[in-house]
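Asks: Attaching a single structure in structure tokens format; questions to follow.
The values are calculated or read from the model by the stated rules, or taken from the named source; none is laboratory data. Everything numeric in this text was worked out from a predicted model, so none of it was measured. All Cβ positions, glycine included, derive from the backbone under ideal geometry; neighbour counts span all protein chains shown.
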């Protein structure tokens with residue numbers, strides 16, 4: 001009789017253990033080593049909404065630059081400014097592509113092609129930026145825009161096919177004032193800004 005009760009106890013404990021294991025498996029899911037999601041209850045739509053919410057907060061904060069944010073943005077804009085004018089002088093279309101909007105990239109490429117067809121050589125020495133100032137912030141339903149005023153110093157010379165100077169002076173530093181408008185899509189997770197417009201004065 002005691003042996004019968006012993007077997008029944010073992011069977012009962014085994015059933016309880018099996019029930020607990022099944023419940024844990026349903027709650028936690030089974031790890032196979034090939035799945036992309038850790039939890040079986042992962043909701044991709046909710047996760048996307050969460051990401052959108054974070055992005056909206058980031059875009060909202062940019063309308064109110066504090067001193068540190070403004071300094072960081074202008075530092076990046078200055079690097080982009082030097083990189084773009086230097087790449088344009090060299091005719092580096094590939095280097096320009098990652099810094100410009102499509103429309104601006106087309107304009108730059110067209111100018112480089114025209115210069116090449118006329119066999120004009122462009123030589124530029126970038127001296128430095130005297131000042132940069134964030135002048136205007138704009139926001140539309142799809143994008144953010146920041147206009148920056150740059151005051152820079154360069155030495156710029158253009159030569160014809162015979163290497164004769166047709167524009168500029170290799171011994172003179174020229175002060176240039178530019179107003180550049182940078183843009184960034186609100187929906188894009190990419191933090192980079194792109195040059196959208198140039199105004200020379």
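Yes or no, residue by residue, for (1) within 14 Å of the chain's Cα centre (by Cα); (2) more than 20 Å from residue 79 (Cβ to Cβ):
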{"residue": "140", "(1), (2)": "no, yes"}
{"residue": "145", "(1), (2)": "yes, no"}
{"residue": "153", "(1), (2)": "no, no"}
{"residue": "158", "(1), (2)": "no, yes"}
{"residue": "173", "(1), (2)": "no, yes"}
{"residue": "181", "(1), (2)": "no, no"}
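Asks: With (1) over 17 Å from the mean Cα position of the chain (by Cα); (2) modelled with pLDDT under 95; (3) assigned to a helix (DSSP H, G or I) as the list, and residue 112 as the residue in question, which single condition is left unmet?
Replies: Result: residue 112 fails condition (2) only.
Asks: From 129, 155, 177, grab the single residue that is surrounded by fewer than 16 Cβ atoms within 10 Å (Cβ to Cβ) and in a strand (DSSP E or B).
Replies: 177
Asks: Can you tell me which of 105, 87 is in a helix (DSSP H, G or I), over 23 Å from residue 167 (Cβ atoms) and at pLDDT 90 or above?
Replies: When all the criteria are applied, what remains is 105.
Asks: Considering 100, 134, which residue is in contact with a helix residue (DSSP H, G or I) (Cβ under 8 Å, 6 or more places away or on another chain) and modelled with pLDDT under 95?
Replies: None of the other options fit; the residue is 134.
Asks: Which residue, of 120, 165, 186, is surrounded by 13 or more Cβ atoms within 10 Å (Cβ to Cβ) and either within 24 Å of the chain's Cα centre (by Cα) or closer than 22 Å to residue 75 by Cα (or both)?
Replies: None of the other options fit; the residue is 186.
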